[in-house]
Amino acid sequence: MAQRSKSSPAWLHEHVNDPYVKRAQKDGYRARAAYKLLEINEKDKLIKQGTVLADLGSAPGSWSQIAAKLVGKTGKVFALDILPMDALDGVDFIQGDFREEAVLAEFERLLDNRALDLVICDMAPNMSGNDTIDQARSFYLCELALDFARGHLKTGGAFLVKVFQGSGYQEYMAAMREVFGTVQTRKPDASRNRSSEIYLLGKNKH
Ligand SMILES: C[S@@+](CC[C@H](N)C(=O)[O-])C[C@H]1O[C@@H](n2cnc3c(N)ncnc32)[C@H](O)[C@@H]1O
């Protein structure tokens, strides 16, 4: 996946000089990832007043920050991460590992049978450095997220998910096409060019 470890000098150098990192600090966003969602949402208008959505892999919380603001008082954001996340107004958060059934059940209790308009998933496993293992771990999380989206989205709902191009990508695309009317790719500016990450957007759930 050609990801550098987040403690390597090269990563740190790139991070402190990254214009999106500086912009996020200035704009009060918790992560540079904010600009990926903003750009996608500008184009696709996924999040509006009243949208009810789940944010999977939400910490430190920049996507939830944006979502909570856009959905307003009539919408709702449910967020989940294995790491802790500081509270945000309008966001119900659960800390836990999405791969664990008990965590999923707790998250489902929080949803209280509400069907979702949108699921956004930026989950990424800790990188081991072994591309084969990292790729498999990543797609496992994506598959769980797709199952969740299939089970909880309204008919017509949408699903935005981060994937890494490589082994398993075509199969995952095919699985998404079975659930959604259209599946498109999005590569926002803030997604570093050399990264194989790409976002898949499924619209119009069957
Ligand atoms: C790129 S970050 C998400 C950034 C977030 N979209 C934001 O804007 O702040 C990926 C997140 O996925 C989470 N994650 C990875 N594996 C997970 C798992 N098994 N269960 C829940 N969250 C997981 C990580 O803890 C990390 O916070």
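The table for this structure:
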{"read-out": "Selection status of residue 202, at pLDDT 95 or above and either touching a Lys or Arg at 6+ places or on another chain (Cβ under 8 Å) or in a strand (DSSP E or B) (or both)", "value": "yes"}
{"read-out": "When residues of segment 80-106 are limited to those that are without any contact (Cβ under 8 Å) to a residue 40 or more places away in the chain and part of a helix (DSSP H, G or I), the one surrounded by the most Cβ atoms within 10 Å (Cβ to Cβ)", "value": "103"}
{"read-out": "Segment 192-206 residues that are within 20 Å of residue 35 (Cα to Cα), paired with ones that are assigned to a loop (DSSP other than H, G, I, E, B) and modelled with pLDDT of 95 or more (beta carbon under 7 Å, 6 or more apart)", "value": "198/187"}
{"read-out": "Residues (closer than 9 Å to residue 152 by Cα, in contact (Cβ under 8 Å) with a residue 40 or more places away in the chain and surrounded by fewer than 20 Cβ atoms within 10 Å (Cβ to Cβ)) located in segment 112-124", "value": "114, 115"}
{"read-out": "Test: residue 68 is within 13 Å of the chain's Cα centre (by Cα) and either within 13 Å of the ligand (Cβ to nearest atom) or at pLDDT below 95 (or both)", "value": "no"}
{"read-out": "Members of segment 1-56 that are at positive phi, away from the ligand (no atom under 14 Å from the Cβ) and of a type in the set (Gly, Ala, Ser)", "value": "2, 50"}
{"read-out": "Set 152, 206: member being loosely packed, with under 13 Cβ neighbours inside 10 Å and in contact with a helix residue (DSSP H, G or I) (Cβ under 8 Å, 6 or more places away or on another chain)", "value": "206"}
{"read-out": "Looking only at segment 155-182, and only at residues there that are crowded, with 20+ Cβ neighbours inside 10 Å and out of contact with any Cys (no Cβ under 8 Å at 6 or more places or on another chain), the one that is modelled with the lowest pLDDT", "value": "164"}
{"read-out": "Residue satisfying all of: in segment 74-133; β-branched (Val, Ile, Thr) and more than 18 Å from residue 46 (Cα to Cα); farthest from the ligand (Cβ to nearest atom) among these", "value": "132"}
{"read-out": "Residue 132 polar (S, T, N, Q) and more than 25 Å from residue 204 (Cβ to Cβ)", "value": "yes"}
{"read-out": "All helices (runs of 4 or more DSSP H) inside segment 1-67 with 2 or more residues being closer than 30 Å to residue 156 by Cα", "value": "34-44"}
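The rows are residues; the columns are (1) within 17 Å of residue 68 (Cβ to Cβ); (2) touching a Pro at 6+ places or on another chain (Cβ under 7 Å); (3) surrounded by fewer than 16 Cβ atoms within 10 Å (Cβ to Cβ).
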| residue | (1), (2), (3) |
| --- | --- |
| 7 | no, no, yes |
| 11 | no, no, yes |
| 17 | no, no, yes |
| 20 | no, no, no |
| 23 | no, no, yes |
| 26 | no, no, yes |
| 30 | yes, yes, no |
| 33 | yes, no, no |
| 42 | no, no, yes |
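The values are calculated or read from the model by the stated rules, or taken from the named source; none is laboratory data. Just so you know, these numbers come straight off a predicted model, no measurement behind them. Here the Cβ is made from the backbone with ideal geometry for all residues, glycine too, and neighbour counts use every protein chain on show.
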